[in-house]
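Derivation of every value follows stated rules applied to the coordinates shown; laboratory data play no part. Worth saying up front: this structure is predicted, and the values here are computed from it rather than measured. Because the Cβ atoms are built from the backbone with ideal geometry, glycine has one as well, and the counts that use them run over all protein chains shown.
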Ligand code: ADP
Ligand code: NI
């Protein structure tokens, strides 16, 4: 590991001290490791991938009330303090800016491979067993219902169906988690996402089965 990566790890750990479980240091660590795993299979700039993975959630707006510009400024100041070149800084900031699920559709056609990699890694950490745990953890934090059997969610809901279902944790699977596998950019990402997707389908089957108590 380079000294720059070690320094970045310490910086991010310190910044995320006390963050909620969905976006804490351990989420960053998993995304960083997943990014490295995917990067091995692609022709890319490893330093840009690792820096972006480590810095991608430095100020998640939902919990820190931080705006996007603040996150970018914090990352820029840190990278400048480490004498990282302006070229690399711009690549990393572009990735941090464009990585989010919420921003999908706004990313330019020709997206850099490093963004594709870190975005896949971040999305993979949102699905599978870890994704399920993060989602119920978030739902608990919001005091949401786990599930409402009178309003069973499904894929491709109409706007009205969707509105009725908003707010249950199980609904979030249909709103986001089950859509992620088809949004993967890289071959390795697709492979990892498929396994976790299948696991979520099994989980949902079992969840509904146990709910019914037959
Ligand atoms: P991103 O960081 O990809 O933009 P979010 O910050 O919106 O996505 O969500 C991160 C994680 O928080 C999701 O993967 C999910 O586990 C959880 N989450 C977000 N919104 C909800 C919700 N409405 N219900 C349950 N979990 C949620
Ligand atoms: Ni993230």
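Overview of values
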quantity	calculated
Exposure proxy order (Cβ contacts within 10 Å, fewest to most) of 179, 145	145, 179
Cα shape, the stretch 126-214, gyration tensor, a/c 1.5 rule	prolate
Ordering of 170-176, 153-159, 88-94, 194-200 by burial proxy (mean other Cβ atoms within 10 Å per residue, highest first)	170-176, 88-94, 194-200, 153-159
Rounded to 10°, Cα long-axis angle of helix 113-124 versus longest principal axis of the chain	40
Degrees, to the nearest 10: 68-81 long Cα axis against longest axis of the chain	30
With Cα atoms, 0 to 90° folded angle of helix 187-212 axis to the chain main axis	30
Centroid-to-centroid separation of the stretch 135-155 and the stretch 189-206 [C-alpha atoms, Å]	19
Protection proxy ranking of 202-214, 19-31, 118-130 - average other beta-carbon atoms within 10 Å, highest first	118-130, 19-31, 202-214
Cα gyration tensor, the chain - rounded (a/c under 1.5), prolate or oblate	prolate
The stretch 1-50: C-alpha gyration tensor shape, a/c 1.5 cut-off, then a/b vs b/c	oblate
